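Values in this text are rule-based calculations from the coordinates and carry no lab data. On a predicted model such as this, the values are computed, not experimentally measured, just so you know. Using ideal geometry, Cβ is built from the backbone for each residue, glycine included, and neighbour counts are taken over all protein chains shown.
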Amino acid sequence: MSETAAMPQKKKILGVFTLAMINVAAVLSIRNFPSMAEYGWSSIGWYIIGTILFLIPISLAGAELATGWPEGGGISARVKRAFGDKGGFTAIFCEWSNNLVWFPTVLAFIASTLAFALTPTLASNSLYMFTVMMAAFWGTTLIALSDPELTNKFSNVGVVLGGIIPAVLIIALGMIWIIDGSKTVIPPFSLGAIVPTITLSTLPFFATIVLLFSGMEMAGFHALETKNPQRDYPRAMALSAIIIFLCTVFATLAIAFVIPASKLNLASGVMQAIQFFFVSFGMPGLVAPMALLITVGGIVLLAAWLIGPAKGLGVVADDGNMPPIFNKTNKHGAPVAILIIQAVIGSVISLLYVFLPSVNAAYWLLSAITTELLAIVYLLVFAALIQLRYSQPDTPRPFKIPGGMVGIWIVGGLGAFGVIFTFIVGLMPPSFFSNGPVYVVSVLAGTFLLAVPPLVFLKFRKDSWKVSPPVN
């Protein structure tokens, strides 16, 4: 997910470490680790592939686009420069609509984590999941409608509580487990073990990599706030990529060490591992407090992400591309109508947790639709990167991908190939989803319904939709 609010011009004071932490905060999320832990040592190979085909290209592309066109509007502003209203509108709408199916997966993580503070078996109870998800969703929507300073404070706390502390704790527990010589449920390490086994049943997990690393372009919006973007930004990207890669790999392996793949729940796998560790170390009383901590962190992070893309869509509405209801704001500047609409739609999508046969199936289906929409967004970004080198070659870019047009085509081409490949394999049903055709149709239908509205809005656009600037 990407920053969409306008970025005011600031004094260039950000150092390499601070710039790197912006990406770490945006990308590092422990809720994605269980889906990769199923593959044990070979998850390392999958992460390396994702780093080459997506993590590095999107970091470089985000830097060049953000420093060349530092106006507000996030990704959509750069895509609009390359492909006009239709491209920019599609990018921001897909960025916003992917949240509609992303929110339920995060809410499932929150609800299943809270279950470990109550009764862990509740994580498999659809009625419990839906009830807690709705309470968290509408509660965070109310927070998003309040003073933005409050949301920002919650976000700062959430990065630490919901991401860094749990990830470091899981890694530490895993290291202690290995040092003590305790038995692991995966085979001993070997170089061959990290090579992914690529089959039709494992390819869908490549899509998880893109979802895991999405948001890596976040620091690109702040590249102009450094003393030397051409020098500092690559260093910051390298540092953040190393931190994210190492935390992700070691935390994933720590989960894989103790939870058999057949028993791993995609929504509650993190707490499964933490519970196992604490019980094994004779500290079962710490499970519930840790569950509450991660739950609070998840809610805080959710509250922070509710508002950004919604505000970006409000900018599009102000330009007259959507009916006036979409640009209604309250005294805090929060887009009331958009926040309520996304809460209603997200609630309906969350009903999948009641009707699908298992929480794992619902979690994976929603994650797949999220990834398909993100693939559309990032394909437009990589295409815009290449197009703007041809259409606006003289625009100053404080950070410029080296290598001239060859470098641009390598970076943009690798990234485009990665997201196109991701879109294709995202349609392949995982092994536990028994009805393949239903899965494919569901993912395609969900993606289409959440990506096509911009074309409809532009088709029926009216002059009266545009908001007139205030008269001084």
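For region 370-472, what class follows from the C-alpha gyration tensor (a ≥ b ≥ c being the square roots of its eigenvalues): rounded when a/c is under 1.5, otherwise prolate if a/b is larger than b/c, else oblate? Spell out each step's value before the answer.
Numbers: a/c = 3.43, a/b = 1.18, b/c = 2.91.
Oblate is the answer for region 370-472, as a/c is 1.5 or above yet b/c matches or exceeds a/b.
State the extension gain, in nm to one decimal, for the chain segment bounded by residue 424 and residue 52, taking 0.36 nm per residue of separation less the distance between their alpha-carbons. Walk me through the intermediate numbers first.
Details: separation 372, 0.36 × 372 = 133.92 nm, distance 1.80 nm.
Between residue 424 and residue 52, full extension yields 132.1 nm more.
So if R0 is 51 Å, what FRET efficiency would residue 466 and residue 183 give, r being the distance between their Cβ atoms, rounded to the nearest 0.05?
After rounding, the FRET efficiency stands at 0.20.
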Any residue on another chain or 5+ positions along whose placed amide H is under 5 Å from the amide H of residue 329 is listed here as 336
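Suppose the chain between residue 448 and residue 160 were pulled fully straight at 0.36 nm per residue; how much longer would it get relative to their current alpha carbon spacing?
Values: separation 288, 0.36 × 288 = 103.68 nm, distance 3.59 nm.
Full extension of this stretch gives 100.1 nm more.
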For the pair residue 198 and residue 292, the simple spin-label estimate (label points 7 Å beyond Cα toward Cβ) gives in nm 4.8
At the level of C-alpha centres, the distance separating region 56-99 and region 314-343, in angstrom, is 19
Length gained if residue 345 through residue 394 is fully extended, taking 0.36 nm per residue and subtracting the Cα-Cα distance, is 13.3 nm
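So if we plug the beta-carbon distance of residue 172 and residue 242 into 1/(1 + (r/R0)^6) with R0 = 25 Å, what FRET efficiency do we get, rounded to 0.05?
Details: r = 19 Å, r/R0 = 0.74.
Computed FRET efficiency for residue 172 and residue 242 comes out at 0.85.
Ordered by packing density, taken as the mean number of other Cβ atoms within 10 Å over each peptide's residues, highest first, how do 185-193, 326-334, 36-44 rank?
On the way: 185-193: 11.0, 326-334: 15.4, 36-44: 22.9.
Highest mean packing first, the order is 36-44, 326-334, 185-193.
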Expressed in angstrom, Rg and Dmax over the Cα atoms of region 290-441 are 20.1, 56
Protection proxy (average C-beta count within 10 Å per residue), highest first, orders 252-258, 313-319 as 252-258, 313-319
Once both label points are put 7 Å beyond Cα along the C-beta direction, the residue 17-residue 438 separation in nm becomes 5.3
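Using the Cα gyration tensor of region 38-145, with a ≥ b ≥ c the square roots of its eigenvalues, what is the shape: rounded (a/c below 1.5), prolate (a/b larger than b/c) or oblate (neither)? Walk me through the intermediate numbers first.
Working: a/c = 3.18, a/b = 1.51, b/c = 2.11.
Verdict is oblate for region 38-145.
Based on the Cβ-Cβ distance of residue 142 and residue 86, what FRET efficiency does E = 1/(1 + (r/R0)^6) give at R0 = 41 Å, to the nearest 0.05? Let's see the in-between values first.
Working: r = 34 Å, r/R0 = 0.84.
With R0 = 41 Å, the Cβ-Cβ based efficiency is 0.75.
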